[in-house]
Amino acid sequence: MDGRAEDPAKLVEDDRTCLWHPFTQQRGWEEEDPVIVARGEGTDLLDVHGRRYIDGVSSLWCNVHGHRHPRIDAAVRAQLDRVAHSTMLGLTHPTAISLARRLVDLAPPGLTRVFYSDSGSTATEIALKMAFQFWHQRGGEDRRRTRFVALRDAYHGDTIGSVSVGGIDLFHSLYRPLLFDTLKAEPGDVADMARLFDRHPGEIAAVIMEPLVQGAAGMLVHPPGYLGAVRDLCHQHGALLICDEVATGFGRTGKMFACEHEEVAPDILCLAKGLTGGYLPLAATLATERIYEGFLGEHGDFRTFFHGHTYTGNPLACAAALATLNVFEEDRTLQRLGPKIELLGELLEPIAARPAVAGVRRCGTMTGIALADYPVDLRMGHRVTLEARRRGAIIRPLGDTVVLMPPLSISERDLRRLVTITGVAIDEATRRSGLAEAA
Ligand SMILES: *Cc1c(COP(=O)(O)O)cnc(C)c1O
């Protein structure tokens, strides 16, 4: 590699000069010393100085079996020796076909069709367009089904369609003039959802929701039975149910998919993040045969789903995804996860008891530690992550909620270390600001 490009000081300078980071106030970023990740090893990340950190949020909720997993690495290399990219528009390829087969076998019953794209945002965007077009093409009264119900504090991605069904004001409210109008339901409140259906008879195309836990909302966990109740309401009123498992899918809640906890099979299922084990960008929107058939017709009927991204079904990404699913089986990942989830619960108890912590929300491995009410300007969540970084763990907050979501492959030893570091980081950050008592 270019020796110059590897000089850490030069890298920092070029980052500050040339880059614009996502969800980042660049003014603060330019003042900080960035961690430049040079390599990964299992559940650790190593920076350009050789410092080692636990990847406490799975590289933004994506990594599943650890970094540089030998079998996933080998699968991507083997695919490289065949072809890196070809198109799904007018052609097909073995890896995309095999992966679709596997996903259909794995997904909740009835989801028989796999539509690929490349991010969680596109997976949900596609789900919305599919649902809308499905009802339109059925004609008659069904054409009135044009509205979507989304949950308050929902997050489904950053494209305009997925933002339209988003409910996090900080991210979304500015774009209001660009968005289509949606109906907002109170998360966890079945009666509120029922009221929306009653007020808009025959108008609702679909309910879109993150099942069980709303990740970006700060790991907001729904009461048990809510998902099943929403599914029943959808059935009763003839609307579709779209489950966005971009964050919850692939084991994060303790089962392969969160829907399984309540034996719910949605009409449309959105997958991304963990799909490739955190290796490559790939997403899938799964649909039922009923929806698929709604798009069949003669060419002149124009019932085609006119949607597709250039890198849709990329072979390298599909190879990583297939290998990721194989590792789930070979390593018995889900079976071995139960004890880790239990341990995580125990380890978090003393953290929840701290005065600086308002509460801990958790579903499986998805953990949100809500800090006490500190002034926004203190950026207490961010301070905690800086303290954690000094002690060898990478975590990233959502506002003043400290998120933990380690790779499923994390060892019990590292899980203990991660939670210990997080606890000390909370103590240090809140003590340093002299606000531990004030909270
Ligand atoms: C992250 C996320 C998305 C968006 O995925 P991207 O790949 O970032 O576009 C959508 N829905 C949920 C629930 C997510 O957590």
- Output the qualifying pairs, or none if there are none: Cβ atoms under 8 angstrom, residues six or more apart or on different chains, first residue in segment 199-210 and touching a residue at least 12 places away in the same chain (Cβ under 8 Å), second residue surrounded by fewer than 16 Cβ atoms within 10 Å (Cβ to Cβ) and not hydroxyl-bearing (Ser, Thr, Tyr). 202/141; 202/144; 202/238; 203/144
- Sole residue being of a type in the set (A, V, I, L, M, F, W, C), open to solvent by less than 50 Å² (accessible area, probe 1.4 Å) and part of a loop (DSSP other than H, G, I, E, B), chosen from 229, 216: 216
- Determine whether segment 257-272 contains at least one residue that is open to solvent by less than 40 Å² (accessible area, probe 1.4 Å), under 26 Å from residue 368 (Cβ atoms) and in a helix (DSSP H, G or I). yes
- Message: If I ask for residues that are acidic (Asp, Glu) and either modelled with pLDDT under 95 or under 12 Å from the mean Cα position of the chain (by Cα) (or both), which ones from segment 238-265 would you list?
- Response: 244, 245
- Filtering strands (runs of 3 or more DSSP E) wholly in segment 337-404 for at least 3 residues that are assigned by TED's automatic domain parsing to the domain that holds residue 55 and of a type outside the set (A, V, I, L, M) gives 357-363
- Message: Can you find a residue that is open to solvent by 50 Å² or more (accessible area, probe 1.4 Å), more than 27 Å from residue 222 (Cβ to Cβ) and at pLDDT 95 or above anywhere in segment 390-408?
- Response: yes
- Task: Using the structure shown, decide if residue 39 is touching a residue at least 60 places away in the same chain (Cβ under 8 Å), at negative phi and outside the structural domain of residue 246 (by TED's automatic domain parsing).
- Result: no
- Tally time: how many residues in segment 313-327 are in contact with a strand residue (DSSP E or B) (Cβ under 7 Å, 6 or more places away or on another chain) and open to solvent by 20 Å² or more (accessible area, probe 1.4 Å)? 0
- Query: Quick check, is residue 351 within 23 Å of the chain's Cα centre (by Cα) and buried (at least 19 other Cβ atoms within 10 Å of the Cβ)?
  - Reply: no
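In the list 45, 60, 80, which residue meets the criterion of being outside the structural domain of residue 390 (by TED's automatic domain parsing), surrounded by 11 or more Cβ atoms within 10 Å (Cβ to Cβ) and under 26 Å from residue 275 (Cα atoms)? Talk me through it step by step, then tell me what you get.
Details: 45 fails: outside the structural domain of residue 390 (by TED's automatic domain parsing); 60 fails: outside the structural domain of residue 390 (by TED's automatic domain parsing).
Sole residue among the options that is outside the structural domain of residue 390 (by TED's automatic domain parsing), surrounded by 11 or more Cβ atoms within 10 Å (Cβ to Cβ) and under 26 Å from residue 275 (Cα atoms): 80.
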- Report yes if residue 238 is on the phi > 0 side of the Ramachandran plot and open to solvent by 10 Å² or more (accessible area, probe 1.4 Å), otherwise no. yes
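Would you point out which residue out of 333, 310, 304 is among the β-branched types (Val, Ile, Thr), at negative phi and open to solvent by less than 40 Å² (accessible area, probe 1.4 Å)?
None of the others qualify; the one that does is 333.
The values are calculated or read from the model by the stated rules, or taken from the named source; none is laboratory data. Not measured: the values here are computed from a predicted model. So basically every Cβ, Gly included, is an ideal-geometry build from the backbone, and we count neighbours across all protein chains shown. Remember, those area values only see protein heavy atoms, side chains included, never the ligands or the DNA or RNA. Shrake-Rupley method; radii C 1.70, N 1.55, O 1.52, S 1.80 Å.
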